[in-house]
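The following block contains the structure, expressed as structure tokens.
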Amino acid sequence: MSKDLKFLVVDDFSTMRRIIKNLLHDLGYPNVAEADDGKTALPMLQAGSYDFLITDWNMPGMPGLDLIKAVRADTKLAKMPVLMLTAEAKREQIIEAAQAGVNGYVIKPFTAETLKEKLDKILGPGK
Amino acid sequence: MEEAPQATFGNGRSEANMSSFAVLKLEYGACVEALGEALRSEDESAFFAAVDHIVHMREPGMITELRKLTGDLQQALERFSIESRLADIAENDIPDARARLTHVIRMTDEAAHRTLDLVEQSGPLAERTSREASVLLESLAAFRDRAPGTQGFEGVVRAVDAYAPIVRSMEAFLPSARADSELIRKNLAEVLLAQGYQDLTGQIIRSVMKLVGELESALSNLAQLSGDVVEHASMGGESGAGHGPVVPGVTRGEVASGQTDVDALLSGLGM
């Protein structure tokens with residue numbers, strides 16, 4: 001069980017970051033850092049050794065979709081698992097996110113079970 | 001009514017003049033006759049109808065112009081009243097609405113953090129109670145496993161000796177379990193109270209919605225007066241910026257109704 005995975009949670013609402021952080025903690029992932037938009041998150045990702053990125057879409061500064069595109073364009077980060085956790089639910093947006101290279105897409109409001117299910121699916125068995 | 005236009009006057013008018021007068025006679029003759037008839041028969045409504053008809057024949061454009069002028073004046077007055085209300089909305093009501101919405105964000109933020117604080121505080125308490133109860137249960141189980149071997153007076157003494165630390169642990173555990181449970185219960189009651197923000201913010205949002213409705217009708221009235229076609233403004237049109245949460249009745253286009261829809265769409269794309 002690699003529960004020492006390092007997560008970065010990016011959301012402009014501090015309450016949502018806390019909720020995700022608590023859920024990750026309950027799922028056995030205590031190692032979680034936070035950022036409030038893509039602009040803050042990207043240098044953190046480039047500097048730190050993160051294993052997993054969870055990002056919102058609609059954020060001031062740099063939206064989550066742009067962050068994902070930047071992550072995929074960075075050779076060091078290109079393979080990082082990314083879960084999009086957002087209230088954006090338009091069909092074309094979900095397709096756009098898939099094309100940008102997300103590994104999973106969860107729409108808000110979400111349940112702890114959905115988050116666990118997507119994490120397990122992305123991380124594979126035994127993670 | 002159909003009088004012969006050949007009437008002649010011995011006053012030296014040219015033939016052309018005479019024929020133009022004949023035209024006038026044709027145009028007005030019937031009206032004048034109707035006017036005379038109305039006078040004779042003292043028919044007031046017929047009289048005024050004939051007068052109106054003659055006035056209308058004499059100044060066909062004037063009434064239309066007057067009507068247009070009145071319309072323009074009315075429109076200008078309406079526009080003035082709409083524009084002064086719009087100015088009032090822009091100067092006072094919009095900043096006020098912005099302050100109200102900022103307050104809504106602050107209230108929801110505080111309520112969410114208060115709730116999260118209480119949840120974070122209660123979790124470890126419940127965990128501790130559960131953990132200590134497990135330890136006690138294990139001790140009890142271990143004691144029971146040994147118990148069948150206790151026979152005779154010495155056996156009973158040994159059993160009592162073995163049981164004594166379990167009793168001491170229980171004495172330590174029960175007051176702390178009670179205190180933790182009471183605190184959790186108190187925290188849950190506070191979580192309940194913290195949800196009151198929904199009522200308060202709902203009322204504020206409703207008042208802002210009322211203002212938005214008023215603004216919408218003032219703008220659409222103004223657009224109608226100007227005869228302009230107002231293109232529908234869409235929110236969040238910027239590429240990559242997102243549209244925000246789905247608002248029923250507002251969000252256009254195909255929208256996933258839930259996580260199942262999202263999963264189906266993504267698996268259709270091979271994810």
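The values are calculated or read from the model by the stated rules, or taken from the named source; none is laboratory data. The structure displayed is predicted, hence computed values, not measured ones. Quick reminder, even Gly has a Cβ in these numbers, built from the backbone with ideal geometry, and neighbours come from all protein chains shown. Side chains included, ligands, DNA and RNA excluded: accessible areas come from the protein's heavy atoms. Shrake-Rupley method; radii C 1.70, N 1.55, O 1.52, S 1.80 Å.
If the convex hull of the alpha-carbon atoms of the protein assembly as shown is projected onto planes in all directions, what is the mean projected area in square nanometres?
43.6
Loop sites only, by DSSP: take the trypsin sites (Lys or Arg not before Pro) in chain B that have at most 15 other C-beta atoms within 10 Å and name the longest stretch containing none of them.
Excluding the exposed sites themselves, the longest stretch runs over B:14-251.
Per the Kirkwood formula on distinct C-alpha pairs, the Rh of chain A is how many angstrom?
14.4
While we're on this one: Roughly how many percent of the accessible protein surface of chain A is carbon and sulfur, given a 1.4 Å probe and a whole-percent answer?
54
Quick one: P(r) of segment B:14-143 from all Cα-Cα pairs, 10 Å bins, percents rounded to integers, in order of increasing distance.
Using 10 Å bins, I get a P(r) of 9, 13, 12, 10, 8, 8, 8, 7, 6, 5, 5, 4, 3, 1, 0 for segment B:14-143.
In deg cm²/dmol, rounded to 500, what helix-only [θ] at 222 nm does chain A give when every DSSP H run of at least 4 residues adds -39500 (n - 2.57) and the total is split over its residues?
Mean residue ellipticity, 222 nm, calculated: -13000 deg cm²/dmol.
Considering only DSSP beta bridges whose two residues both sit in the protein assembly as shown, what percent are antiparallel, to the nearest 5?
Percent antiparallel among DSSP bridges in the protein assembly as shown is about 5.
Across the Cα atoms of chain B, what radius of gyration and what greatest pairwise Cα-Cα distance (Dmax) are found, in Å?
46.6, 164
Counting only protein heavy atoms and rolling a 1.4 Å probe, how much accessible area do A and B lose on contact, total for both sides, in Å² to 100?
About 2400 Å² of accessible surface is lost on pairing.
So what is the accessible area of segment B:96-196 per residue, in Å², with the probe set to 1.4 Å?
Spelled out: the 1.4 Å probe surface of segment B:96-196, per residue, equals 69 Å².
Turning to a different aspect of this structure: Under Stokes-Einstein, with the Kirkwood radius over Cα pairs standing in for Rh, what whole-number D in µm²/s applies to segment A:18-60 at 4 °C and 1.567 mPa s?
114
Here's another thing I want to ask about it. Going down the table (A:K39/A:K76; A:K3/A:K116; A:K108/B:K210), which pairs top 22 Å between alpha carbons?
From the list (A:K39/A:K76; A:K3/A:K116; A:K108/B:K210), the Cα-Cα distance tops 22 Å for A:K108/B:K210.
Binning at 5 angstrom from zero up to the longest distance, how are the C-alpha pair distances of segment B:77-169 distributed in percent?
3, 10, 9, 8, 7, 6, 6, 5, 5, 5, 5, 4, 4, 4, 4, 3, 3, 3, 2, 2, 1, 0, 0
Counting only protein heavy atoms and a 1.4 Å probe, tell me what percentage of chain B's accessible area is made up of carbon and sulfur.
Percent of accessible area from carbon and sulfur atoms in chain B: 59.
Now a separate question. Mean residue ellipticity at 222 nm from the helices of chain B, using -39,500 (n - 2.57) per DSSP H segment of n ≥ 4 over the full residue count, to the nearest 500 deg cm²/dmol?
-27500 deg cm²/dmol
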